[in-house]
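The values are calculated or read from the model by the stated rules, or taken from the named source; none is laboratory data. Keep in mind that this is a model prediction, so the values were computed, not measured. Glycine gets a Cβ as well: all are built from the backbone with ideal geometry, and neighbour counts include every protein chain shown. The protein model used for the area step is the full one, side chains on, heavy atoms only, and it has no ligands, DNA or RNA in it. Shrake-Rupley method; radii C 1.70, N 1.55, O 1.52, S 1.80 Å.
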Amino acid sequence: MGRAVLTTIQHSRAGRRQAMRRIRPRRSPAAPLLALAWVGAAAVLWLWWHNTPAVAATTADRLVNAGRMTGLLAGYATALVIAQMARIPALERRVGSDRVVRWHARSGRYVLSLTLAHVVLILYGYALQAHTGIVAQTISVVTGYPNMIEAAVGTLLLLFVGFVSAGAVRRRMRYELWYYLHLLTYAAVYFVFWHQLATGNEFVGDAAARMSWYALYAAVGALLLWYRVLTPVRLNLRHRMRVESVVQEAPGVVSVLIRGRRLHRLGAEAGQFFRWRFLTSGLRWSANPYSLSAPPRPDLLRITVKAVGGHSAALAGLRSGTRVWAEGPYGAMTAARRSRGKVLLLAGGAGITPLRALFETLPGEPGDLTLLYRARTAEELALRDELESIADERGARLLYAVNSPEGRRPAVTAKMLRRILPDIARHDVYVCGPPGLAEESYAALREAGVPHRRIHHESFEF
């Protein structure tokens, strides 16, 4: 592996334009989107009400009606689950990939809960109406109703995906295996969809309702096809990326330089990441998220990766010329989040990657920017020479927090932060690092008087 040095963006016209950019923070659309989702849920319940002339008083009828409502809501939430994982740029870059993933996980739990409630309520209600046992009624429904065998298969697939996505199970699986099992969700949705229209009272006699349901699923399907399939194909055919070289930065930390055509047209910003797939033995079937560790150049991108698993460790052995398949850019931890003149960048371990790029490109006068970098030892301070060069050129403060010779870890506390920056409450703060650092830092920053809206953090543990 050779040593390569990237010229900082401050030496370019792009860098000067970046440094002169006014601070115009973009408001996150998260709250309006969540409100819109709840409005959609209310509309789905209205669909049930519109097709229910009278709410019967018997227990069996109440159970069936509750089953109809939970079934409709499960179908609606399923469409939201698909949309949330379509990697829509407006969501990925404005709301943040990690937040969208949390929405997806929560929506997935809603889908599973509503689906189970729908199955139990409907079958129990039908059994009471028919005066039969629950097992006999289940067999009768699955074998006698249209599209119910497919629905049963789809439901079992959904339950299986929910099981492997549970935290205790997922942590014991390789990411690649979990990812491919998770794709069974699409097969489950396909199998379940048709029985909604074939047996749902809300759709059988209401053409407008059927068309609305078709439109909902067609829209999310189109988003999925466009952003998960066609957009990445177009990106990679246009930019034709390959590995330029691999550089050792610190023990267990390497930078991968990636060359391509017209890379500045990707629209990537400092602080963002791509999902990278390296088309070589052992890596071609998995795509992992890694942040840009330097501002994009017209012909060169760089990621810096710490070996924490099989995929990241294998990057050290990449050969020059290896083809690269990328998807992105994603992420909302960019300069657009900034609302104040002064900024603290707080990095831990491999979290230095996006913050190094921001340290170079965030607009600011001398003294406005401070980078606090925590690592176990001085030898693990990756990109140290570059950071010190940037700090000298920009008049920025660069501080290290490493363990003591006895192994004592310096804690990030409100007292420590106030000592470093007496006016910390008037800063924007970008935090990137392990979950423990993020939690510790957030608590300390809030205690030090930094408002929640000015603490910017994005997790890449998908």
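The mean accessible area for residues of the range 191-339, using a 1.4 Å probe and ignoring ligands and nucleic acids, is 42 Å² per residue. Sequence-ordered 3J(HN,Hα) estimates for the range 426-442 from the Karplus curve with 6.51, -1.76 and 1.60 and θ = phi - 60° stand at 9, 9, 7, 10, 9, 10, 8, x, x, x, x, 5, 4, 5, 4, 5, 4 Hz, glycine and proline given as x. Give the longest segment of the chain that steers clear of GluC sites (Glu not before Pro) in DSSP loops with at most 11 neighbouring Cβ atoms within 10 Å, not counting the sites themselves. The longest such stretch corresponds to 1-405. Per the Cα gyration tensor, the range 225-299 maps to an equivalent ellipsoid with semi-axes of 21, 16, 12 Å, ordered largest to smallest.
Each residue was assigned an accessible area with a 1.4 Å probe, and for Arg275 the value is about 10 Å². Which log10 I(q)/I(0) values, to two decimals, does the range 35-125 give at q = 0.11, 0.15, 0.23 Å⁻¹ under the Debye formula with one point per Cα? With no solvent term, the Cα-only Debye profile gives -0.38, -0.63, -1.10.
Coupling constants for the range 167-176 follow from the phi torsions by the Karplus curve (6.51 cos²θ - 1.76 cosθ + 1.60, θ = phi - 60°), and in residue order they are x, 5, 7, 4, 4, 9, 10, 5, 4, 4 Hz; glycine and proline get x. Note on Ala313 and His264: the extension gain reaches 14.8 nm, defined as 0.36 nm multiplied by sequence separation minus the Cα-Cα distance.
Extending 7 Å from Cα along the Cβ direction at Leu237 and again at Phe163 yields two label points whose distance is 4.1 nm.
In the range 398-460, the inverse of the mean reciprocal separation of distinct Cα atoms equals 12.4 Å; this is its Kirkwood hydrodynamic radius.
Mean projected area of the Cα convex hull of the chain, taken over all directions, amounts to 25.6 nm². Roughly speaking, what % of Cα-Cα pairs in the range 275-379 are separated by over 20 Å, rounded to a whole number? In whole percent, the long-distance tail amounts to 48. With only the Cα atoms considered, the range 322-365 has a convex hull volume of 106 Å³ per residue.
In percent, rounded to a whole number, the relative contact order of the chain is 15, using alpha-carbon pairs under 8 Å and six or more apart. Taking all protein chains as they are arranged and a probe of 1.4 Å, the heavy atoms of Tyr124 leave approximately 120 Å² accessible to solvent.
Only the Cβ atoms of Lys and Arg (+1) and of Asp and Glu (-1) were treated as charged; on that basis the dipole of the range 353-392 about its Cα centre amounts to roughly 260 debye.
Ranked by accessible surface with a 1.4 Å probe, highest first, in what order do Trp38, Trp194, Trp178 come?
Trp38, Trp194, Trp178
Three semi-axes describe the equivalent ellipsoid of the range 308-462; taken as square roots of 5 times the Cα gyration tensor eigenvalues and ordered largest first, they are 26, 19, 16 Å.
Ranking of Arg172, Arg87 by solvent-accessible surface, largest first: Arg172, Arg87 (1.4 Å probe, protein heavy atoms only, all chains present).
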